[in-house]
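What follows is calculated from the coordinates using simple rules that are stated; it is not laboratory data. These numbers were taken from a predicted model, which means no experiment stands behind them. With ideal geometry, Cβ positions are generated from the backbone for all residues, glycine too; neighbour counts draw on all protein chains shown.
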Amino acid sequence: MDIDALLTRKKSLFEDFLETYLSHIQTNSGVVDAFSYSLSAGGKRIRPILTMLACEAMGGTDSAALPAGLAIEMIHTFSLIHDDLPALDNDDLRRGRPTCHTKFGEATAILAGDALIFQALSLICSSAYTPDVKVDLCCALSDVCGFRGLVQGEYEDVMAEGKDLDLMQIEEMYRKKTSRLFELCMYAGGRVISDDLPRIQALKTYGTNIGLAFQAIDDILDVTSSDTTLGKTSGKDIVQDKATIVKALGIEQAREWATLSTEKAIEALTNSNLNRIVELKELASWMLKRVM
Ligand code: GRG
């Protein structure tokens, strides 16, 4: 199966799972309307797809990975809703639609993002995973999102506006704001089916490195692409004087840096005794060449 067909199939499995999840919520709430709007707005769904592939790599099935994949997509969507708020990136376009606060108001968008964090934990805790897996996933998820990950990464990103960071500082910020969530996808996909830590570690290393490359490409696309293609406002990094790898190195060298990181990701799979290695390698290359 070629990589585009694989992505389409897994994305469709995820969309069905999400739709079923949302259809079971029987609460009349503006917060639910707001988070459902943002969750259902599409996007590449790369994180749940990675979670499914990691699970298959360890010999598991898509259905075993889907609750973890949806929980991670909820965390990702929370981060986008909050990042778009006026106090942070102040954006009005996301996934080709008005941002959550533009559509529902700032207070509702803040609460919708908050709710998604807890819905993610609740989804894991109420899943059919074993108690050990639930604990491990909740521990990993909270670690990846706190001061060692997403929230700190966002803080560093905001605080670096107008400054010149060196490459190590940029890499550290990318690791926290983007790459650790990719690492979590690979960990979670593996952990739901196995506790074979050496093989899970190979998946995590792959995730860390494709996550770094993903953020570098994101920053390149911000400069080279358009609002219509990206479904979000392009060209903002220059306007806000963000400390990106493109600012530090220029587009060509930033692309080389992303390529190097992708090679490290692929290298981590060598001799790992995992399934789906060909697909994971193809996906890493696809992510490097992506245009949206
Ligand atoms: C607000 C706590 C908090 C965190 C925000 C930095 C950050 C975390 C959000 C800003 C948006 C951004 C640059 C995130 C980094 C990760 C990234 C490249 C997100 C975009 O992910 P895609 O391209 O989006 O997978 P879709 O819409 O396809 O899901």
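At-a-glance table
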{"quantity": "Cα-based shape type of region 163-229, given that a ≥ b ≥ c are square roots of the gyration tensor eigenvalues and the cut on a/c is 1.5", "calculated": "oblate"}
{"quantity": "Once the Cα gyration tensor of region 182-285 is diagonalised, semi-axes √(5λ) in Å", "calculated": "30, 14, 11"}
{"quantity": "Separation in nanometres of the label points that stand 7 Å from Cα toward Cβ, at ASP164 and SER63", "calculated": "5.7"}
{"quantity": "Dimensionless Rg ratio for region 1-48, taking C-alpha atoms and the 2.2 N^0.38 Å reference", "calculated": "1.35"}
{"quantity": "Rotationally averaged projected area of region 72-182 (alpha carbon convex hull; nm²)", "calculated": "7.9"}
{"quantity": "FRET E, pair LYS236, LYS44, Förster distance 22 Å, beta-carbon r, rounded to 0.05", "calculated": "0.70"}
{"quantity": "Spin-label pair LEU88/MET292, simplified geometry with 7 Å Cα→Cβ offset, distance in nm", "calculated": "2.3"}
{"quantity": "Pairwise centroid distance, computed over Cα atoms, of region 204-262 with region 137-202, Å", "calculated": "16"}
{"quantity": "Cα principal axis extents for region 21-65, largest first, Å", "calculated": "40, 21, 11"}
{"quantity": "Listed peptides 110-116, 83-89, 151-157 by packing density, highest first (mean Cβ within 10 Å)", "calculated": "110-116, 151-157, 83-89"}
{"quantity": "Calculated [θ] (222 nm, deg cm²/dmol) that DSSP helices of n ≥ 4 give over the chain, each run adding -39,500 (n - 2.57)", "calculated": "-22500 deg cm²/dmol"}
{"quantity": "Per-peptide average of other Cβ atoms within 10 Å, ordering 130-137, 218-225 highest first", "calculated": "218-225, 130-137"}
{"quantity": "Karplus-derived HN-Hα couplings along region 85-102 (A = 6.51, B = -1.76, C = 1.60, θ = phi - 60°), whole Hz, x at Gly and Pro", "calculated": "4, x, 6, 10, 7, 6, 10, 10, 10, 8, 6, x, 10, x, 5, 4, 6, 5"}
{"quantity": "Ranked list, fewest to most other Cβ atoms within 10 Å of each Cβ, for PHE118, PHE182", "calculated": "PHE118, PHE182"}
{"quantity": "Directionally averaged shadow of region 1-123, computed from the convex hull of its alpha-carbon atoms, nm²", "calculated": "7.7"}
{"quantity": "Tensor-based shape of the chain (alpha-carbon gyration tensor, a/c under 1.5 rounded, otherwise prolate or oblate)", "calculated": "oblate"}
{"quantity": "Inter-site label distance for LEU260 and VAL151 at 7 Å from Cα along Cβ, in nm", "calculated": "3.3"}
{"quantity": "Given LYS134/LYS242; LYS11/LYS163; LYS176/LYS236; LYS247/LYS289; LYS10/LYS163; LYS44/LYS264, the pairs whose alpha carbons are separated by over 31 Å", "calculated": "LYS134/LYS242; LYS11/LYS163; LYS10/LYS163"}
{"quantity": "FRET efficiency, GLN253 to HIS24 (Cβ-Cβ, R0 51 Å, nearest 0.05)", "calculated": "0.60"}
